Every structure is written in structure tokens, then in C-alpha cells.
1. Tell me which of GLY609, ALA54, ALA321 sits at the most positive position along the dipole axis of the chain, charges placed on C-beta atoms (Lys, Arg +1; Asp, Glu -1).
2. Which value, in Å to one decimal place, does the Kirkwood hydrodynamic radius take for the stretch 67-166 when every pair of different Cα atoms is included?
3. Under Stokes-Einstein, with the Kirkwood radius over Cα pairs standing in for Rh, what whole-number D in µm²/s applies to the stretch 41-86 at 4 °C and 1.567 mPa s?
4. Among MET89, MET591, MET329, what is the fewest-to-most ranking by other Cβ atoms within 10 Å?
5. Calculate the length of the line joining the C-alpha centroid of the stretch 545-574 to that of the stretch 411-448, in whole Å.
6. Taking every alpha carbon pair in the chain, what does the distance histogram look like in 20 angstrom bins from 0, in percent?
7. Rounded to whole Å, give me the distance from the Cα center of the stretch 468-499 to that of the stretch 42-93.
8. How large is the charge dipole for the chain, taken about the Cα centre, if only the Cβ atoms of Lys, Arg (+1) and Asp, Glu (-1) carry charge, to the nearest 20 debye?
Amino acid sequence: MNQHSHTLTRTMPQAALAPYSSDPQKLLEDVFGYQSFRGQQARIVDSVVAGKHALVLMPTGGGKSLCFQIPALARAGTAVVISPLIALMRDQVEALTHNGVAAAVLNSSLDSATQRETEAAFFDGQLDLLYIAPERLLRESTLRMLEGTPLALFAIDEAHCVSQWGHDFRPEYLKLGVLGERFPTVPRIALTATADERTRAEIRRCLLPADAETFIDSFDRPNIRYQIGLKNRPRDQLLEFIKADHRNHSGIVYCFSRKKTEQTAAFLSSHGLRALPYHAGLSDQERRTHQDRFIREDGLIICATIAFGMGIDKPDVRFVAHLDLPKSMEAYYQETGRAGRDGLPADAWMVYSLADIMQIRQLLEQSGASDGQKRLERERLEALLAYCEHASCRRPALLDYFDEAYEGECGNCDNCLKPPTTWDATEAARKVLSCVYRTGQRFGAGHLVDVLLGKSTDRIARFGHDELSVFGIGVEHDKATWHSVVRQLLALGHLKPDPEGHGGMMLGDDCRDLLRGEMSLTLRADLRPKQRRGSRSTSRKSRDDIPSDSPSWEALREWRTAAAGEQGVPPYVIFHDATLAAIVEAQPESMDELAEISGVGQHKLKRYGELVLNVLASVEESKAESAESSSG
Ligand code: ADP
Ligand code: ZN
């Protein structure tokens, strides 16, 4: 028997017992155990419950699922959810089942007996939600099946898959327009975390009627702390970061190459952390196992190429680290967005270097893309690099890229916590540009800096660069400062790598104004990468939402791991970290008190309430015992 049929047998009998309220607030409290709607949720839910169509744009972790799950329960009939990924469907069905909701899935991973069972349950009106893969939905037999039964709504998840410009294009999504023709009276709600205008317009055109309302939530992720530093000894920097703030936490480390994911995982493992690689070169079996372990175990680190993460709904990823640059702002936002879906504090951490910029720019230039495409990619990369070098609060800079205004400073990024100093680098920049020009636009940073500093090296003698007017004109700054200037000029597009890929620098297309003195330039002074532990622990004070050193926290996590193992579900399906943390904080002593806690719905209360209270009681007992034995 496979997992899905387990889900079904657990689900079916409850459906008949659960006639749901049509009041969204009551459903939120009773079924999901939450006190209040977030952001736009309430407005969206009301609109869909009233039978209207909607486009929902919310960031990852914003709470899209409730926007259709609550109307699914409030409205008569079964809600049909279209989702492109089997893993996503399975996760949501597991989570719903755990809240006592009758949900099932139809996709190609099921055996035919399970399929028939699910279809029968659907025909019987026993299902509150039915998740279907798009190709399955589009079969004539499925459409007919749906026509024969009352439907609450259609939810089209990951609706950006309809966009041919995006990375996740799914041709079947283009055909979902058929829903409007065949089911004109059933409300459709399309949801995505991709916000750009072009994708938005495509979703509206292909998937929704003209009168659909658009709801846009802020794309800010306030619980994510953004930190970007200079690469020095990257693996040691990573290790220090994890050991200081993320012992026993789940995290993702993104690396550029397959080899590097393996080396990094081995390195972390050799230092006592649990880490596994994930990349396209592993066998399907290995990839599945590693991904599964990441989802099901607490505190595992995955070192991955970007192939990892899509379709993973794990809410308690506490950090996302980049050992190499992502290729655009969109990619950065998406990859870092996999941290902290549960709303608890999480880190987006990155280190990068001049060499990284050279490498990624060269790859871009040498790719087979058309000139227009290359220009677009170059602009995207430059936006990211400018963001990296940004000297004030990162949040407005990040959100501005998605056309969202952010007022003030966030207090939760590296630049807010430890403001970098800036300096007027106009003169220094012009010296670098002249040096690049005078030496013939083919030398790398090391040589250029030697020339500026007036060093007597073999290369300088060989090329006669000690005769140039730029020789020795930069003695007022040290080597590190000059490297920093070169890196930032490259990041800002005032310099570019030579197309041959030998590491040489050429004048960038944007450097004219600077050379002519028509523009001034402020750059950030590099922080020398050093131990930052001291400053760190103070800045962490406000982030004590995770009570990692409390005995009841440890005990509840152990209990949860065991319970999840028994049932073959990920621990967060039982209770999220946020819920456990709230329990630790509140120390409830009765079922009523426990019911008040966010994330404890009625179904989970019945199923786990006593167990949780027992765990808390036994922690109290052993505390009392040890106090007695130490005093007696
Ligand atoms: P998305 O699909 O937008 O990435 P999810 O629907 O998975 O986000 O929700 C992210 C997390 O936030 C989930 O753990 C969910 O249970 C939780 N959540 C959603 N809405 C609320 C709410 N109103 N109150 C508390 N938690 C919520
Ligand atoms: Zn900030």
C-alpha cells in the first residue's frame, strides 16, 4: 500500500463528520488553529467565498494556500486545486489531512486502485479538496467527471507556469482556459509568488476572466535577515556562520558547481554538521533520498546547485547561504525566499568576490545567447551586483526591483545592523579607469593595482608600464582598497571583463561620464572580513523567537520527531516550529489553554493535545526532581 492510499483511508470517514461552517474566521480558528488572517487573506477569502474570480500575488510563505483552502470549506462542493508538482500536492494533502480536512490527490504517481478509490470518494461528495496535475485535469474523462459533480472553486497554484518567459513554463497551463468554457460559473483563483508585470498580464489573459480582481501583497519578507559579505575563506566563513547561529537548523547552501556542492557537504560533515549534496549529476534515487531526508529530518543541510528547492514547501528552513552569486535579482529573491516560510527568524547569507563577478560575467558573454538576450542578462546581473555593493538598508533596494516602495530602514539587514562607511571614490575610480586604458585594456586586477601602487615587478618592467603616466599615482590607498574599487567598478558596469576570458579588464560602456569628471561616485569601504561573533550575539537578542536552549523545546521536538516517524510524515505536518515555540512560551496546563495557541486546530488538539501536555508535565517533573536533588 502506498502513502496516498493511507492518506485516503484516514481521510474518508472524517469527511462525513465535518460539515463546515461558512464563516471564514471560524474556519481559520477551528480547522487551522490560527487567530487572524494575514495581509490580504481576509479580503481574498471573502471575495472567493462570494463566488468571484481572483488573481493572488503573494510572496513565498505569505499564506497563499489558505486563500483557497478556506473558501473550499466554506463553499458547497469540492474544490479542485491544480498544481504542477507531485511533491507539492502531497505536502498539502498531508497537512490538510492532519487538520481533519478531507483532501486527496489525482496524478500519475498513483496506482489504479487508489485512483478509483479517489474518484469514487469525489463522486460521493466526500472530498473537500481534490488536487489534480494539469495534464490529468485536461483529459476529457476528467473534465466530464468534474462536470458531473458540484464544484466549490478552481484554484490554479503556481500560476506563473503559464508564462513562456519564465523558468517554470508548463505548456498544459496554457490550455487551462478550457475551465472558463466548461465551468463558467465556478470561481477561479490563480496564485503565484512571481510578481513581474509581464507574467501577471499573461496569467490574467490565459487563466482568468476579465472581471477577476487582482490582490497584491507586499513582497517583503520581514523575518529574513539579509547579509552579504566579501569572500575570504568561504568555507570557513560558512562554517562560522552556521556554528554561530544555526547549529541543528535546516538550511540550504547554494553553490555554482556540482563538485563544489559535494566538497562543501563533505567539509561541513567533517566539522560535525549533517550535510548532503544535491545536484543534477546524482542518480534519481540519490536525489530523491536526499530531498526526502531534508524534508523529513530536523537540522539537515543541503548543499545544492540551483536545481534544488523548486517545489519544496518545507516551512522551517532557517538559513539559505550562497557561496556563489545567483544569476539575477529574481533568482536571489526566489532562492533566499525558501528560508523562513513559517515566519520565524531566518537568514539569507552570501559571500562573493571579484573573481566571482569575473566568472559569471564571462560565462554570460561566452554563452550562445543572442546579443539582445545577453544585454538583458547583463542588466539583470548588474542589478544584483549593485544590490550586493549597496551601502544602506538592503530592503528598499531589493523591493524596488519588484516595483515596491519600502519606507525607512528595516533594522534586520547587515547594513542596518552595522552600517558600512562610505567614501567619495570619484578620484580613485578615475585613476583605475585611466590605468585600465593606458595599459591597453587587457590586464587583470592584480597587475592594475601594482601599476597604481608603483610596484617594480617583472611584468611591469617587461611591458614598460613603469614609464606610463599612471605608474605610482595611487600610493594614497592600500592594495585592499584598490581591489575593492576595481570590484565595485566592475559590479557597477564601469569596467567589464575582456571577452577572451583571461581575466583582463576593459572600460565598461558606462564609464564615460566618470572619466570626464561629469559624475561622482560614492563607494562603500570594505569591512575587513573578521570574527564577528561579538557583535552578532548582541544583535541576535531580538530574535529569541526560537527557544533553542529550553528543555521543553527539546522535549517537544523529540516527541514530534518520533510521532512524525511513526506516521511517515515530515515533523512540521504535526506542528510547525512556530507552534512549538508558542507552546513553550505559554506553557499551557489544560486542553483549553492549548487550544488558544496559534497552529493548534480542533483536530490536532484532539489528536495530540494530551500527548503535548504530558511532555510538558514530565519536563516540569524532572526539573523539580533535579532541583530537589541539588538542594537536598
Ligand atoms: P505560500 O504558499 O504563500 O508560500 P503557505 O500557504 O504555505 O504560503 O503558508 C506559509 C505558512 O504560513 C504556513 O506554515 C501557513 O500555515 C502559515 N500561515 C498562513 N496563513 C496564516 C495565518 N493567517 N496565521 C498564521 N499562520 C499562517
Ligand atoms: Zn535594513
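1. The residue sitting farthest along the positive end of the dipole is ALA321.
2. Details: mean 1/r = 0.0728 Å⁻¹.
Final number for the Kirkwood radius of the stretch 67-166 is 13.7 Å.
3. Translational diffusion coefficient: 114 µm²/s.
4. Values: MET89 25, MET591 14, MET329 21.
Fewest to most other Cβ atoms nearby, the residues stand as MET591, MET329, MET89.
5. 49 Å
6. 17, 46, 28, 8, 0
7. Centre-to-centre (Cα) distance: 53 Å.
8. 1640 debye
The numbers here are math on the coordinates, done by the rules we state, and not lab data. Since the model is a prediction, treat every value here as computed from it, not as a measurement. All Cβ positions, glycine included, derive from the backbone under ideal geometry; neighbour counts span all protein chains shown.
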